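Here is the structure we will look at, set down as structure tokens.
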Amino acid sequence: MVTLRETEQKITTMNKRIESALNDQIQKESSSSQYYLAMASWAENNGLNGTAKFMYTHSDEERFHMLKLIKFVNERGGVAIVPSVPQPPVEFDSLERVFELLLEHELLVTESINSVVDVCLQEKDYSTHNFMQWYVSEQLEEEALARGVLDKLRLIGGDKGGLYLFDRDMEASAAAANKAGTADKKA
Ligand code: OFO
């Protein structure tokens, strides 16, 4: 017969497969944050201050995604592992390439989130499944944003005036994301 103590232990200890999948996701969010930080720094050094602000904000958002996971794992009886991350690139071929890489990276992150959701279903962990839905919708938004930006850049091509306006739009978009992000973190 299962004792009360055993039942309690089962409830307060995180399933090991879930813990490992979430720690893997923590690593991905952390490396996303570093990757976008590297893009921000490159943009800043190339006179694209609006794009730099957008990337700095995006990097902070990824850090927030990582923190949210760390807290969830620890609060649910698991042990969150703060990962080491590989050094991201210093140079990028072009602004268009930066956003292509960003989109490629987001697609990989989406795949990874889907596999965490899959593990939740296999392990019948419906509360972690519920928690992960926030990430599922966030990824949809981020992919759409990256695709939209890339489309704009492809339209602009090599037009310097267009690029100037693009960079200004990115600054406005960073300011809007900052405002929304502050509200999100308070919620
Ligand atoms: Fe964390 O959402 Fe992008 O990577």
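Just so you know, all these numbers are worked out from the coordinates, no wet-lab data involved. What you see is a predicted model, and the numbers here were worked out from it, not measured in a lab. Glycine gets a Cβ as well: all are built from the backbone with ideal geometry, and neighbour counts include every protein chain shown.
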Here the gain from full extension of Leu150 to Gln87, 0.36 nm per residue of separation minus their alpha-carbon distance, amounts to 20.2 nm
Under the span-like rule (Cα at least 20 Å along the axis, Kyte-Doolittle mean at least -1.0), DSSP H helices of the chain: 16-45, 49-75, 95-122, 126-156, 160-186
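Provide the packing ranking of 159-169, 138-148, 59-69, i.e. peptides ordered by the mean count of other C-beta atoms within 10 Å per residue, highest first.
On the way: 159-169: 13.6, 138-148: 15.4, 59-69: 19.6.
Ranked by mean Cβ neighbours within 10 Å, highest first: 59-69, 138-148, 159-169.
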May I have the count of lysine pairs in the chain with C-alpha atoms under 16 Å apart, counting pairs 8 or more residues apart or located on different chains? 10
Rounded, prolate or oblate for the range 34-86? Axes are the square roots of the Cα gyration tensor eigenvalues, ordered a ≥ b ≥ c, and the cut-off for rounded is a/c under 1.5. oblate
What's the FRET efficiency of Val136 with Thr12 using the Cβ-Cβ distance as r and R₀ = 25 Å, to the nearest 0.05? 0.40
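Considering only the other residues whose Cβ falls under 15 Å of the Cβ of Glu75, what net charge follows from Lys and Arg at +1 and Asp and Glu at -1? Walk me through the numbers on the way to the answer.
Working: positive: Lys68, Lys71, Arg76; negative: Glu19, Asp125.
For residues surrounding Glu75, the net value is +1.
Normalised by the number of residues in the chain, what is the relative contact order in percent for Cα pairs under 8 Å and 6+ residues apart?
Working: 172 pairs, mean separation 52.6, N = 187.
Value for the chain: 28 percent.
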